[in-house]
1. Of the residues that sit in the stretch 9-42 and are open to solvent by 50 Å² or more (accessible area, probe 1.4 Å) and touching a helix residue (DSSP H, G or I) at 6+ places or on another chain (Cβ under 9 Å), which one is farthest from ligand 2 (Cβ to nearest atom)?
2. Which members of the stretch 202-217 meet the condition of being in a loop (DSSP other than H, G, I, E, B) and hydroxyl-bearing (Ser, Thr, Tyr)?
3. So, in the stretch 117-167, of the ones that are among the polar types (S, T, N, Q) and assigned to a strand (DSSP E or B), which residue ends up nearest to Leu40 (Cα to Cα)?
4. Starting from the stretch 191-212, keep only residues that are at positive phi, then list their pairs with residues that are of a type in the set (Val, Ile, Thr) and assigned to a loop (DSSP other than H, G, I, E, B) whose Cβ atoms are within a distance under 7 Å, requiring at least 6 positions of separation or different chains.
5. Looking only at residues in the stretch 146-186 that are away from ligand 2 (no atom under 15 Å from the Cβ), open to solvent by less than 70 Å² (accessible area, probe 1.4 Å) and at pLDDT below 95, which one is nearest to Val23 (Cα to Cα)?
6. If I ask for residues that are among the β-branched types (Val, Ile, Thr), within 8 Å of ligand 1 (Cβ to nearest atom) and assigned to a strand (DSSP E or B), which ones from the stretch 46-64 would you list?
7. It is to be established whether one or more residues within the stretch 127-137 are touching a strand residue (DSSP E or B) at 6+ places or on another chain (Cβ under 6 Å), under 30 Å from Phe31 (Cα atoms), more than 13 Å from ligand 1 (Cβ to nearest atom) and free of Cβ contacts under 8 Å to residues at least 60 places away in the same chain.
8. Looking only at residues in the stretch 168-191 that are more than 23 Å from the chain's Cα centre (by Cα) and assigned to a loop (DSSP other than H, G, I, E, B), which one is nearest to ligand 1 (Cβ to nearest atom)?
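The values are calculated or read from the model by the stated rules, or taken from the named source; none is laboratory data. Nothing here was measured: the structure is a model prediction, and the numbers come from that model. Neighbour counts are summed over all protein chains in view; Cβ atoms, including those assigned to glycine, are modelled from backbone coordinates with ideal geometry. These accessible areas exclude ligands, DNA and RNA; they are computed on the full protein's heavy atoms, side chains included. Shrake-Rupley method; radii C 1.70, N 1.55, O 1.52, S 1.80 Å.
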Amino acid sequence: MSFSSDTPKFRVAICGAGIGGLVLAVTIGKFANRDIQVDLYEAHDSITTIGAGIMISPRITDVLEALGLYEEISHFLKKPRASSHEQLRKSDIPEGGFEWFSPIVGLGNPVHRQHLIDILKRHIPSSCTVHFNKRLTNYTKLSTGSLILHFADESSDNTDVLIGADGIRSSVRKTFFETIDGDLVDPSKIGHYIDPSWTGTLMYRAVVPVEKLLETDPNATTLEDFIVVSLRESGHDGQE
Ligand SMILES: Cc1cc2nc3c(=O)[nH]c(=O)nc-3n(C[C@H](O)[C@H](O)[C@H](O)COP(=O)(O)OP(=O)(O)OC[C@H]3O[C@@H](n4cnc5c(N)ncnc54)[C@H](O)[C@@H]3O)c2cc1C
Ligand SMILES: *[C@@H]1O[C@H](CO)[C@@H](O)[C@H](O)[C@H]1NC(C)=O
Ligand SMILES: *[C@@H]1O[C@H](CO)[C@@H](O)[C@H](O)[C@H]1NC(C)=O
């Protein structure tokens with residue numbers, strides 16, 4: 001028996017249709033049916049992604065299973081269930097390595113980002129409306145508690161709850177900190193919270209065609225399995 005009706009209890013606006021925004025829209029749809037109206041605002045004209053692989057770790061596998069998405073994503077994984085045999089190796093050790101210690105936070109299986117995005121897109125619930133070319137610039141709060149969203153094209157919309165899923169240069173986060181009560185946050189720190197800053201860690205990545213790797217080393221571990229190599233430089237541990 002369902003208690004949901006066609007009249008939503010309240011409206012949720014999600015800013016940004018990346019992995020975070022899409023997963024939230026799917027989750028609300030799955031657990032709240034039509035009780036919550038969802039509006040998803042995306043700055044670009046489509047839902048897409050750049051980049052190559054993303055790791056589906058054992059923990060993410062559990063989440064995808066709870067959302068009923070694991071079966072679909074499993075077709076794109078190299079191995080059906082994340083194994084705990086991934087290896088870690090320091091770059092000054094020529095061979096072998098150490099088994100990744102934790103089956104909970106284990107590295108998991110890589111999947112192409114586009115496959116993940118496509119599956120999430122297919123599961124956007126009917127209670128969710130996607131608005132393209134809507135770049136949020138800021139929002140204002142009404143005395144009633146609801147919010148007015150302002151977009152770069154000078155349009156605006158109303159909502160009850162706003163979720164910022166608009167990535168590293170989030171406009172939601174920016175407005176949140178610009179308008180936060182000065183007693184809650186040290187005002188001298190606000191600029192630091194608004195603008196992303198470099199932590200000092202570098203990560204180098206490259207994609208190499210399998211044929212090239214075969215030419216160089218027909219026995220390379222990565223042809224069969226997953227390995228993370230940790231580089232050591234000036235006493236710092238980097239990754240990959
Ligand atoms: C090279 C690289 C490799 C990575 N590999 C992994 C990995 O293997 N595993 C892993 O878990 N994570 C990985 N990450 C991190 C992962 O990509 C991010 O954590 C994840 O994409 C963040 O998702 P998100 O939805 O918060 O933001 P994003 O993916 O950045 O999505 C933000 C969305 O919001 C939209 N948007 C932005 N501003 C606005 C606005 N003002 N109004 C409306 N819409 C807006 C954007 O167009 C975009 O669609 C990697 C990151 C990089 C750069
Ligand atoms: C808020 O966004 C609107 C629409 O883009 C813009 O006209 C306005 O100047 C912005 N206000 C602030 C305080 O940034
Ligand atoms: C690859 O492994 C095979 C079998 O162990 C060995 O005979 C061969 O010499 C190796 N090739 C290289 C380039 O290391």
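1. Within the stretch 9-42, the match that is farthest from ligand 2 (Cβ to nearest atom) is Lys30.
2. The one that is in a loop (DSSP other than H, G, I, E, B) and hydroxyl-bearing (Ser, Thr, Tyr): Tyr204.
3. Thr129
4. Hits for this filter: zero, empty list.
5. Val185
6. Residue satisfying the conditions is Ile54 alone.
7. no
8. Step by step, filter the stretch 168-191, then rank; the result is Thr179.
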